[in-house]
């Protein structure tokens with residue numbers, strides 16, 4: 001199996017002790033009430049938003065680390081990239097078109113949660129939906145998070161909607177040892 005797929009699956013098998021370096025970077029944000037509350041919102045099919053951002057964050061962590069990038073910025077930007085508190089599937093018009101608007105909602109919420117957010121982290125959050133957000137990410141770390149977001153969203157939809165992909169995911173999760 002591919003390394004990216006293994007990283008994605010491993011995001012569902014994280015352990016605070018085994019993955020201490022990863023958790024040390026974002027523990028303050030990840031275990032906050034605001035971020036943990038995202039498990040109450042659907043994201044893609046039967047995947048909740050907390051699971052989605054955890055997958056995007058861990059996959060971004062692995063990619064950034066492998067490439068010698070600013071791992072801290074990638075992780076902290078990724079954990080906050082979808083920090084909004086509504087069900088985007090809802091037909092309400094105030095958040096439409098969601099794909100274009102939610103990065104700004106997430107950034108505003110991230111600024112409230114994290115008073116020390118860096119310009120790089122802000123750019124990661126604001127530009128993660130490129131090309132829907134016409135201006136591309138300014139930093140390599142933003143490109144990493146944007147690509148990981150698309151990869152994870154695609155995997156989530158495939159796993160939810162196709163038994164072949166679900167079985168492959170479950171088998172890989174069992175091989176990698178766990179379930180979050």
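The residue that is surrounded by the most Cβ atoms within 10 Å (Cβ to Cβ), counting only those in segment 42-77 that are under 8 Å from the mean Cα position of the chain (by Cα) and closer than 15 Å to residue 24 by Cβ, is 57.
Yes or no: residue 27 without any contact (Cβ under 8 Å) to a residue 40 or more places away in the chain, more than 11 Å from residue 82 (Cα to Cα) and not in a helix (DSSP H, G or I)? When the stated conditions are applied, residue 27 does not pass them. Scan segment 1-33 for residues that are more than 14 Å from the chain's Cα centre (by Cα), closer than 21 Å to residue 128 by Cα and modelled with pLDDT of 95 or more and the total you get is 1.
Of the residues making up segment 148-158, those that are buried (at least 16 other Cβ atoms within 10 Å of the Cβ) and either assigned to a loop (DSSP other than H, G, I, E, B) or touching a residue at least 24 places away in the same chain (Cβ under 8 Å) (or both) are 148, 149, 151, 152, 153, 155, 156. Of all the listed residues (12, 41, 30, 8), the sole one being touching a strand residue (DSSP E or B) at 6+ places or on another chain (Cβ under 7 Å) and closer than 21 Å to residue 152 by Cα is 41. Within segment 130-142, is there a residue that is exposed (fewer than 14 other Cβ atoms within 10 Å of the Cβ), assigned to a helix (DSSP H, G or I), free of Cβ contacts under 8 Å to residues at least 40 places away in the same chain and under 20 Å from the mean Cα position of the chain (by Cα)? Checking segment 130-142: not a single residue is exposed (fewer than 14 other Cβ atoms within 10 Å of the Cβ), assigned to a helix (DSSP H, G or I), free of Cβ contacts under 8 Å to residues at least 40 places away in the same chain and under 20 Å from the mean Cα position of the chain (by Cα).
The values are calculated or read from the model by the stated rules, or taken from the named source; none is laboratory data. Remember, predicted model here, so these are calculated numbers, not experimental data. Here Cβ is always computed from backbone atoms with ideal geometry, including for glycine, and neighbour counts include all displayed protein chains.
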